[in-house]
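What follows is calculated from the coordinates using simple rules that are stated; it is not laboratory data. Everything numeric here is computed off the predicted structure, so don't read it as measured data. Glycine gets a Cβ as well: all are built from the backbone with ideal geometry, and neighbour counts include every protein chain shown.
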Amino acid sequence: MNVIKFGLIGCGRISVKHCEAIEKIDNAKIVTCADIIEKRASETSEKFNIKTYYKDYKTMLENEDIDCVLICTPSGLHPQMAVEAADRKINIVTEKPMGIDLKSADEMVQACDENAVELFVVKQNRLNPPIQLLKKAIDKNRFGRLFSANITVRWTRPQEYYDMAKWRGTWEFDGGAFMNQASHYFDLMQWLMGPVDSVMSFTATNNHKIETEDQGAGIIHFRNGAIGVADVTMNTYPKNLEGSITIMGENGTVKIGGIAVNKVVHWEFKEYDDDDKLIETSNSDPTSVYGFGHLGYLQNVVDVLNGQDTPNTDGRSGRKSLELILALYKSAKIGQKVALPLKI
Ligand SMILES: NC(=O)c1ccc[n+]([C@@H]2O[C@H](COP(=O)([O-])OP(=O)(O)OC[C@H]3O[C@@H](n4cnc5c(N)ncnc54)[C@H](O)[C@@H]3O)[C@@H](O)[C@H]2O)c1
């Protein structure tokens, strides 16, 4: 297996998860990093033993010999950085969401196709053991017909969280509670339930000084006839209460909760399956809502780049939850039901 050489762009909060994960993967190394706040790049370089660092990521791409970039910058910047890397034949891992509009997300996918490089969109919660078991149960048809799905994201984000960086809570670089905080949950919903037919939603900014919503509710009609409900708020008093997904079908009911969809809360099927024995051991206790999934996610990236696996979440797969969230935003804006696919 080749050692995959990574370059990190953006040395903020989530980049730490990438650095810690890559340190644990045998045939992978972050060889360079960049941040417009040079001090962050230099501190990351020192802490994680990264050989070089830059203030300007374009100079980093120009000077360094890397196989893959890890894009950990504000969401609205992901597409332009990905296209520049792809044009240099560099593979891309982008943090979620891949971008905040469909046009630039499509440009990313196209640039990667044209340059024959991989595009990975980080959706680490898909890898949580209870979620993997739930996906397996759906694939084995243990639910029979799927009737309904619910995602509940009842978190707390103080104003100081949004004030930490200018991009947070803006339409240009972030999006709101749906696009940022709940994006993994919308991703799980569409990944588990299948294609979406149409949506309706309400959003509000009730408790923060930000442009985007800090709260919202959505109704999702799936093509298989099932109905989904999303209940999302960053205004829970006084601390994070729940991050869960519930799926109900003809022959089964499952709720996965905990703070990062990491615990089986309810697991019941008409017919027994040996997977039922794995429920207890699948639970975990992450220290933050980011969970433990970056290690598994990046291990898959390394395996794919070594020709040993297929991507867990590629650009086309990452685009689906982006389209769903943008449809919910459109519905909230125009006050009407919105059908998918969205016109670009
Ligand atoms: N997978 C997850 O669970 C998860 C969790 C948190 C954040 N994220 C995503 O990760 C991304 C970053 O979030 P964060 O919380 O780390 O933000 P952050 O503000 O802590 O970090 C972003 C960093 O990017 C740097 N940056 C901005 N513009 C740059 C440029 N042009 N060139 C180089 N560096 C630049 C900033 O200086 C900052 O250090 C967002 O897209 C967010 O949605 C994902």
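Observations on the model:
- The chain: calculated mean residue ellipticity at 222 nm from DSSP helix runs of at least 4, using -39500 (n - 2.57): -9500 deg cm²/dmol
- Average Cα contact separation per residue, segment 191-344, under 8 Å, 6 or more apart, as relative contact order %: 22
- Of LYS24/LYS55; LYS140/LYS330; LYS135/LYS337; LYS209/LYS337; LYS17/LYS166, pairs whose Cα-Cα distance is over 30 Å: LYS140/LYS330
- Ranking of TYR272, TYR329 by neighbouring Cβ atoms within 10 Å, starting from the fewest: TYR272, TYR329.
- Distance histogram in 10 Å bins (all Cα pairs of segment 122-204, percent per bin): 13, 40, 30, 13, 3
- Over segment 14-124, relative contact order from alpha-carbon pairs under 8 Å, at least 6 apart, %: 19
- Computed label-point distance, nm, for sites ASN224 and LYS166 using a 7 Å Cα→Cβ extension: 4.6
- Full-extension gain in nm, ARG88 to ASP309, via 0.36 nm per residue minus C-alpha separation: 77.2 nm
- Gain in span if fully extended, ASP101 to VAL265, counting 0.36 nm per residue against the direct Cα distance: 55.6 nm
- If the segment from MET1 to TYR272 were pulled out straight at 0.36 nm per residue, it would be longer than the present Cα-Cα gap by 93.5 nm.
- The chain, relative contact order in percent, only Cα pairs under 8 angstrom and at least six apart counted: 18
- The angle separating the long axis of helix 78-87 from the principal Cα axis of greatest extent in the chain is about 50 degrees.
- Using the Cα coordinates of the chain, the gyration tensor eigenvalues translate into equivalent-ellipsoid semi-axes of 32, 24, 20 Å, sorted from longest to shortest.
- FRET efficiency, ILE36 to SER284 (Cβ-Cβ, R0 35 Å, nearest 0.05): 0.50
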